[in-house]
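The values are calculated or read from the model by the stated rules, or taken from the named source; none is laboratory data. Bear in mind that the values here come from a model prediction, so they are computed numbers and not experimental data. Virtual Cβ from ideal backbone geometry, glycine too; neighbours counted across all protein chains shown. The protein model used for the area step is the full one, side chains on, heavy atoms only, and it has no ligands, DNA or RNA in it. Shrake-Rupley method; radii C 1.70, N 1.55, O 1.52, S 1.80 Å.
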Amino acid sequence: MPRPGLSRADEDPAAALASAAEVLAVLYARGQDDVAPAVSPSQLRALLAVEGAEGVNLRALGDVLGSRPSSVTRLCDRLEAMGLLVRSPHPSRRREVEVRLTPRGRALLDQRRAVQVRELSAVLGRMAPEAVDSLVAGLAAFREAAGRPSAAGGPAAVSDSA
């Protein structure tokens with residue numbers, strides 16, 4: 001039962017994190033209209049995955065994105081038409097196609113990150129320095145825990161390339 005005067009987020013660390021994630025999503029969306037070309041969330045995920053594994057093949061990209069090969073092909077078609085990535089034959093495996101970011105794709109990701117840093121810096125600037133230090137330490141521990149295999153022995157919850 002919740003304690004009087006406390007929200008659900010104050011009661012449960014997972015709820016507090018979910019609430020913070022919602023605020024982060026709003027902050028991440030701010031200013032993104034200034035970044036061109038506009039990309040969908042699935043296109044952004046694909047660009048980030050390619051950035052994290054430059055030269056990835058389409059099958060591996062589909063595995064990272066959790067998408068069927070036909071969906072990955074269409075997604076890459078759109079991103080290539082926008083000039084954000086390029087597909088090319090693998091140098092030694094003729095049947096395999098590599099996917100790489102173009103300079104325009106890298107610039108788009110850099111612009112998005114600059115907007116995100118600007119928005120987050122504004123919020124962090126309104127916090128006490130010791131609260132910022134605690135937040136950074138907590139986020140580092142969270143990222144480390146998220147990267148470890150689950151208790152059930154399954155794969156890591158989050159990979160560094162996602």
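For the reader, a short list of remarks on this structure follows.
- Å² per residue, accessible surface of the chain at 1.4 Å: 67
- Projecting the Cα atoms of Ala36, Thr73, Ala53 onto the dipole axis of the chain, where Lys and Arg carry +1 and Asp and Glu carry -1 at the beta carbon, places Thr73 farthest toward the positive end.
- Spacing of the modelled spin labels on Val26 and Glu54, each 7 Å from Cα toward Cβ, amounts to 3.8 nm.
- For the chain, a Gaussian network of Cα nodes joined below 10 Å ranks Ala36, Ala60, Ala140 by mean-square fluctuation, and the top entry is Ala140.
- Dimensionless Rg over Rh [the chain; C-alpha; Kirkwood]: 1.04
- Centre separation in Å (Cα based) which lies between segment 65-102 and segment 20-35: 28
- Springs join every pair of Cα atoms under 10 Å in this Gaussian network model of the chain, and among Arg148, Arg118, Arg87 the largest mean-square fluctuation is at Arg148.
- In the elastic network of the chain, a GNM with C-alpha springs shorter than 10 Å, the most mobile of Asp77, Asp133, Asp34 is Asp133.
- For Val97, distant residues with modelled amide H under 5 Å away: Leu58, His90
- Accessible area of the chain belonging to carbon and sulfur atoms, whole % at 1.4 Å probe: 59
- In this simple spin-label model, placing a label point 7 Å from the Cα along the Cα-to-Cβ direction at both Arg68 and Arg143 gives a separation of 3.6 nm.
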